[in-house]
Amino acid sequence: MIDPSPLHTALIAWFKTHREDLPWRHTGDPYAVWVSEIMLQQTQVATVIPYFEQFMAQFPTVEALAAAPLDKVLKQWEGLGYYSRARNLHRAARMVVEQFGGKLPANVVELEKLPGIGLYTAGAIGSLAFGLDVPVVDGNIIRVLTRLYNIEDDITQSATRRELWNLAGEIVPTGQAASWNEGLMELGRRICMPRSPDCENCPLIDHCEAHQRNVQHERPVRSARKAVPHVDVTAAVIRENDGKVLIAQRREDDMLGGLWEFPGGKREKGESLEGCLRREIREELGIEIVVGQQLTTIKHAYTHFKITLHVFECRRTNGEPQAIECADWAWATLDELDRYAFPVTDQKIIATLRDGSGQFSMDLST
């Protein structure tokens with residue numbers, strides 16, 4: 001095993017000189033560190049910065065976040081994606097206020113008991129906010145370590161992940177875990193990149209076993225990814241004579257839970273798009289509709305599957321809306337939709353309606 005002492009000296013010196021000026025680095029507030037780490041999960045730094053600043057302005061303390069209704073939290077999160085992060089953050093804030101007097105626990109065991117905080121996030125909060133000598137292992141650090149130590153094992157295997165966590169724990173420098181962990185993350189993000197590592201500007205080049213063997217482009221090793229499944233989904237823009245449209249709120253334990261949407265759902269095998277939409281609206285809201293022309297088609301990729309969303313204008317013919325397979329429903333004008341938090345696909349529907357590219361043709365007088 002490489003002696004970690006020279007690594008510590010080289011990387012921490014590089015980080016102190018090259019560290020990016022990020023808003024969450026201006027404070028030692030554990031709450032701010034926590035919020036930033038949750039936002040940074042599976043999201044690029046440049047995307048997170050404005051969301052972090054707006055979120056902290058709206059909810060400057062854990063008490064403010066805990067006291068806020070979930071709808072307001074989701075609205076602030078709108079567009080950032082992976083909304084379970086926001087729900088867990090809100091739920092955890094209430095636990096921190098109720099169980100810990102508004103102070104995040106300063107040990108990783110207690111941190112991991114909070115919703116949305118796993119091994120990585122607990123380590124990040126522990127080292128960055130509390131100075132604990134604990135490791136962190138994310139995608140960037142995995143890439144750095146597998147190249148630095150020329151690890152040939154498949155990183156998609158749980159045994160390899162455990163080995164990487166053990167390795168990361170063995171090389172954490174006493175009393176310098178924050179700079180070391182952030183340095184590793186920054187190195188992976190800016191220098192030790194996936195396809196084009198900038199080896200000549202890497203402070204650890206002289207210690208990198210993969211570079212010495214010229215196999216850095218082959219690390220980390222991962223098994224081939226499976227084909228991403230695709231599903232067709234329908235959505236109804238159900239309009240009334242007063243110009244209002246019907247929206248529904250997803251149940252909290254559903255995917256995108258707590259967000260609002262134009263109602264609809266996944267097409268079943270052998271089902272037409274129009275038949276799917278009539279069935280979904282009946283099952284979800286207990287009303288009957290006539291399906292009109294298609295307003296727009298939206299393609300979107302989630303982490304584990306892709307969708308094509310087919311959006312139709314519709315008219316209600318029978319029944320009053322009920323929250324059968326949704327948390328709530330509402331009639332709203334296009335202007336009033338700004339009060340609600342929508343996923344990105346539904347934001348695109350709203351944009352289509354507002355710019356006039358989705359023109360209504362159905363006669364609502366019948």
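The values are calculated or read from the model by the stated rules, or taken from the named source; none is laboratory data. None of the values given here were measured: they were computed from a predicted structure. Glycine also receives a Cβ, built like all others from the backbone with ideal geometry; neighbour counts cover every protein chain displayed.
Summary of computed values
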{"item": "Candidate set from the range 141-157 (those that are aliphatic (A, V, I, L, M) and assigned to a helix (DSSP H, G or I)); member that is farthest from Lys226 (Cα to Cα)", "result": "Leu148"}
{"item": "Qualifying strands (runs of 3 or more DSSP E) (wholly inside the range 251-366; at least 2 residues being in contact with a His (Cβ under 6 Å, 6 or more places away or on another chain) and within 27 Å of Leu74 (Cβ to Cβ))", "result": "306-318"}
{"item": "The range 31-50 residues that are touching a residue at least 40 places away in the same chain (Cβ under 8 Å), paired with ones that are of a type in the set (S, T, N, Q) and in a loop (DSSP other than H, G, I, E, B) (beta carbon under 7 Å, 6 or more apart)", "result": "Tyr31/Thr61"}
{"item": "Any hit, the range 107-114, residues being assigned by TED's automatic domain parsing to the domain that holds Trp34, surrounded by 15 or more Cβ atoms within 10 Å (Cβ to Cβ) and in contact with a strand residue (DSSP E or B) (Cβ under 9 Å, 6 or more places away or on another chain)", "result": "no"}
{"item": "Residue, nearest to Thr43 (Cα to Cα), within the range 146-177, restricted to residues that are in contact (Cβ under 8 Å) with a residue 24 or more places away in the chain and charged (D, E, K, R)", "result": "Arg161"}
{"item": "Test: residue in the range 306-317 that is farther than 20 Å from Lys348 by Cβ, surrounded by 13 or more Cβ atoms within 10 Å (Cβ to Cβ) and assigned by TED's automatic domain parsing to the domain that holds Ile350", "result": "yes"}
{"item": "Residue match in the range 178-200 (condition: without any contact (Cβ under 8 Å) to a residue 60 or more places away in the chain, touching a helix residue (DSSP H, G or I) at 6+ places or on another chain (Cβ under 9 Å), of a type in the set (Asp, Glu) and in the same structural domain as Glu20 (by TED's automatic domain parsing))", "result": "yes"}
{"item": "Near pairs, Cβ below 7 angstrom, 6+ apart or cross-chain, from the range 290-313 (of a type in the set (Gly, Ala, Ser)) to any residue that is outside any loop (DSSP other than H, G, I, E, B)", "result": "Gly292/Phe312; Gly292/Glu313; Gly292/Cys314; Gly292/Arg315"}
{"item": "Gly270 being more than 27 Å from the chain's Cα centre (by Cα), exposed (fewer than 12 other Cβ atoms within 10 Å of the Cβ) and in contact (Cβ under 8 Å) with a residue 40 or more places away in the chain", "result": "no"}
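Rundown of residues vs (1) surrounded by 13 or more Cβ atoms within 10 Å (Cβ to Cβ); (2) of a type in the set (Asp, Glu); (3) outside any loop (DSSP other than H, G, I, E, B), yes/no style:
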residue: Thr174; (1), (2), (3): no, no, no
residue: Ser179; (1), (2), (3): yes, no, yes
residue: Gly183; (1), (2), (3): yes, no, yes
residue: Gly188; (1), (2), (3): yes, no, yes
residue: Cys192; (1), (2), (3): yes, no, no
residue: Arg195; (1), (2), (3): no, no, no
residue: Glu200; (1), (2), (3): no, yes, yes
residue: Asn214; (1), (2), (3): no, no, no
residue: Ala224; (1), (2), (3): no, no, no
